[in-house]
1. List, please: which pairs have Cβ atoms under 7 Å, are six or more places apart or on different chains, and start with a residue in the stretch 46-67 that is touching a residue at least 12 places away in the same chain (Cβ under 8 Å) and closer than 14 Å to residue 98 by Cα and end with one that is among the acidic types (Asp, Glu) and part of a loop (DSSP other than H, G, I, E, B)?
2. Specify the residue that is least open to solvent (accessible area, probe 1.4 Å); the eligible residues are those in the stretch 91-119 that are among the charged types (D, E, K, R) and closer than 17 Å to residue 49 by Cβ.
3. Pick from the stretch 65-108 the residues that are part of a strand (DSSP E or B) and not aliphatic (A, V, I, L, M): which of them is farthest from the chain's Cα centre (by Cα)?
4. Scan (1) modelled with pLDDT of 95 or more; (2) open to solvent by 60 Å² or more (accessible area, probe 1.4 Å); (3) under 16 Å from residue 51 (Cα atoms) for the single condition residue 76 breaks and write down its number.
5. Across the stretch 92-125, what is the total count of residues that are of a type in the set (Lys, Arg), modelled with pLDDT of 85 or more and over 18 Å from residue 62 (Cβ atoms)?
Amino acid sequence: MLFSAVFLISTVSLAVGMTTTAQHGHHHSHHTHLHGHHSKPTHEPSIGESFVFHYDAMTHTLAVRTNRHCYLYMLTADQQTSVHTSTGLHAIEKSIIDMIDTNSPTVAVTAQDLTTMRLSHAKDV
C-alpha cells in the first residue's frame, strides 16, 4: 500500500515536472503542438438541399424544383381540395419528396410539351 502511494506521488511529480518549463527571455504565445502521429478532429461537411413547390390551380399540377431537376405532379381530386390547407399541402409535399427520394418512375418532358399542356388547359377554361 505504501509503495503504490509513493509510486503515485512520484508519477504525479514527474508529470508536473514534464509539463512545466522555465521561461527564458521574451515569451511569445503559440499553439500547443502534439508531436508524432495524431488524428485531427473530423469536420462533417455541410449538407444543403432545397425543394421549391408551386401549385398551378388551372392545371391542378404541383411543380417541384430541386437543385438539379424539376418535377410535375398531377394532383388527385382529393389532393386538389387538401392542397388549400397547410396540413394538406405539407402532406402532399412530403409524399412527393418521398417519391423523389425513392427514385419513383418519371417521364421526361420538353419545354414545348409544357407549353402545349398549359395551352390545352387554357382552352378548357
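1. Hits for this filter: zero, empty list.
2. Pass one, the stretch 91-119, residues among the charged types (D, E, K, R): 93-94, 98, 101, 113, 118.
Checking the rest, the ones that are also closer than 17 Å to residue 49 by Cβ come to 93-94, 98, 101.
On the way: 93: 34, 94: 136, 98: 93, 101: 96 Å².
Only one residue fits best here, namely 93.
3. Within the stretch 65-108, the match that is farthest from the chain's Cα centre (by Cα) is 73.
4. Result: residue 76 passes all but (3).
5. To start, the set of residues in the stretch 92-125 that are of a type in the set (Lys, Arg) comprises 94, 118, 123.
Filter again for modelled with pLDDT of 85 or more, leaving 94.
The next check asks that each one be over 18 Å from residue 62 (Cβ atoms); those that pass are none.
Looking only at that region, the number is 0.
The values are calculated or read from the model by the stated rules, or taken from the named source; none is laboratory data. These numbers were taken from a predicted model, which means no experiment stands behind them. Virtual Cβ from ideal backbone geometry, glycine too; neighbours counted across all protein chains shown. With ligands, DNA and RNA removed, areas are computed over all heavy atoms of the protein, side chains included. Shrake-Rupley method; radii C 1.70, N 1.55, O 1.52, S 1.80 Å.
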